[in-house]
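Reviewing the structure listed below.
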Amino acid sequence: MNRSFVAGMLASIAAPLSAQQTPNVVVIVSDDLGYGDLSCYGATRVSTPNVDQLASAGLRFTNAHACASTSTPSRYSLLTGEYCFRRHDTNIATGDAGMIIRPNQITVADIFKQKGYATAAIGKWHLGLGDKQGTQDWNGKLDMSPADIGFDYHYLMAATADRVPCVFIEDGSVVNYDPAAPISVSYTSNFAGEPTGAANPELLTKLKSSHGHNQSIVNGIGRIGYMKGGGRALWRDEDIADSISAAAIRFIEKNKEQPFFMYLCTNDVHVPRMPNERFRGKSPLGLRGEAILQFDETVGKVIEALEANGLTGNTLVILTSDNGPVLDDGYQDEAATLNGDHTPWGNWRGGKYSAFEAGTRVPFIVRWPGTVRSGDTSNALVSQIDLLADAAALINTTVPLGAGIDSRNSLDTWLGRNTDDRDFAATMAANRTLSLQSGQWKYIEPSNGAAKITTVNIETGYLATPQLYDLAADPGETTNLYSSRPAEAERMASKLAELRLPVSQMPTPR
C-alpha cells in the first residue's frame, strides 16, 4: 500500500466538523523525565511551576505507561498505536537510521488529517529519516521524512542530542545549511583529520564523557557517531530548547485559525545536559536539575502562546515522557553526585532501560478547560498506545482498517469521565524483555541479561525465571510471587504470548 493510496483512503472518509468538535491537540513528550522529577508528582528539590499549573488546571494520572523504557520504541508505539515489539527494527535508532515508520502506515497525524487538521512534529524525532540507513543526503532534500507519514510541517533533531548529525531538519532539509561545510555522517568510521573525544579529550571543553559518547566533537561535547562539516548549521546545545519552543510558537501562531495537532518533543532532560546559560546555578541538582527547569519553561512558553492566541479553551494538552529517568547516562555532569535525596523514579524500582516499573511509569497530565475537570487525580491504568484510537474518538472519525492494531479507545478515561483501568499495559525493556500490568499485578517474562546496567547504575529486572509482583502491596517490586500465584502468572504470560501472535492470528478485541 503506497502513500498516495493511504492519502486517498483517508480523504474519502473525511468530513467537516463543527468548531466544538475540532479541539486543537498538543502532545508534549519530554525526554528521560522521571515520574518523580516534577513537583506536582512529589519532587521537593526541584520546582516545576508551569507543569504544576497545567496539572492543577487538568487531570494528573498516577498509573500511566509509555510502551517502552527507551526512546525509539516508545515513540514508535505512541505514534502508530502498534506495540514496538511487533517489529524487530524498533531498538534505539542511530542518527543515520532510515525511517522506521513507513509511508504505508497510519499515524496519529494521519488520523487528524482526516478532519482537515494542520499537523506538526517538532523537537526530538529519533525515528529515522530518509528511506534507508546511511544513505541520507544531508546536503539536499531528504527522500523520506515525517511529511510522508502525515505531518504537514516538521522541525526536528534527527535523533538525540548525543548523536550526530547535530543539526535541525525543517521540512526535509538542514536548517541554516552551510554550503561551505557540507555534511558527512557515519556510524562505522571516522573521517580523516576529524578529532574525536577519545583521541582528543582536551577538546571536550563543555562536558567530558563518563562512558561512550567520545566520537565526534560538536560544541565542545563528544557524541555518538562521526560527523564532518555542518558549519553554521550546527546547533549550540545551550539553544536547543529555545529553538524547539520558537518553532512550536510559530506553528501555533500560523495555524490559530484552523484546528491543529502538534507533536512537541523536548530534548530535556536527555544527555548531554547543557541548558541555556540563564539556568546556570539555578538548581541544587546541577545540570540535570537545570534541564528540568528548562523543560518547565518550554511548557510555560507553549501554554502562554495558546493563551495569547485565544486558544486555551479549545485546546487539549497532553504532557508525558517517553520513558523513565537516568542519572549518569554518559557524561560527567554530576547528575548522580548532586542528586541527593531527589527521587526521579518516584516510589518505583528501576529507571530508563529497565523492565521494572520506573522504566515506563511516567508523568501523564491532561488539560482541556471546560471538558476535563481541574485539579483531579486519576489512578486508572492508561497507556500511550491508545493515543491513536483516542484521537479518532475525539474528533469523531474512524481508524482505517489495519491501523493502530493495539490502540483502544480510552478517551473517557483520559478525559476523566471515568476511572476505568485499561485491561492491561504491555511494555518493552531495552533488551526487548516484555512486561505486563493488569490490575494490581505486574508480570515480567523470563530473559537473559545482567541484573544491573553498571554504567548507568540501573536495575534491569532481567531474570531467567518469571516474576510476578503485587503492585498494590509491593510497589517497589521486592517480593516475587511467581511461585505462590502460578495461575495469575500463567494468565499474564498467556496474554503476552497472544500479543506476540501475527496480526492475522490475533483474537478480535471485544
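Tabulated data
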| quantity | calculated |
| --- | --- |
| At most 12 other Cβ within 10 Å, DSSP loop - GluC sites (Glu not before Pro), the stretch 235-316 | 257 |
| Distance between modelled label sites at residue 304 and residue 191, nm, 7 Å Cα→Cβ extension | 3.8 |
| Student exercise, the stretch 349-415 dipole from Lys, Arg, Asp, Glu Cβ charges, in Debye to nearest 20 | 240 |
| Karplus 3J(HN,Hα) series, Hz, for the stretch 365-377 with 6.51 cos²θ - 1.76 cosθ + 1.60 (x for Gly, Pro) | 10, 10, 10, 8, x, x, 10, 8, 5, 7, x, 8, 10 |
| Listed residues 135, 112, 159: farthest to the positive end of the dipole of the stretch 111-176 (Cβ charges) | 112 |
| Sparse-neighbourhood loop sites, trypsin sites (Lys or Arg not before Pro) in the stretch 408-451 - DSSP loop, at most 13 other Cβ within 10 angstrom | 417 |
| Å² per residue, accessible surface of the stretch 267-421 at 1.4 Å | 33 |
| Cα centre as origin, Lys/Arg/Asp/Glu Cβ charges: the chain dipole, Debye | 500 |
| The chain: calculated mean residue ellipticity at 222 nm from DSSP helix runs of at least 4, using -39500 (n - 2.57) | -6000 deg cm²/dmol |
| Loop-located chymotrypsin sites (Phe, Trp or Tyr not before Pro) in the stretch 53-136, at most 13 other Cβ atoms within 10 Å (DSSP) | none |
| Percent of C-alpha pairs per 10 Å bin, the stretch 226-266, short to long | 23, 39, 27, 10, 1 |
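The values are calculated or read from the model by the stated rules, or taken from the named source; none is laboratory data. Every value quoted in this text rests on a predicted model; they were computed, and no experiment measured them. Note that each Cβ is placed from the backbone with ideal geometry, even for glycine, and that neighbours are counted across all protein chains shown. Remember, those area values only see protein heavy atoms, side chains included, never the ligands or the DNA or RNA. Shrake-Rupley method; radii C 1.70, N 1.55, O 1.52, S 1.80 Å.
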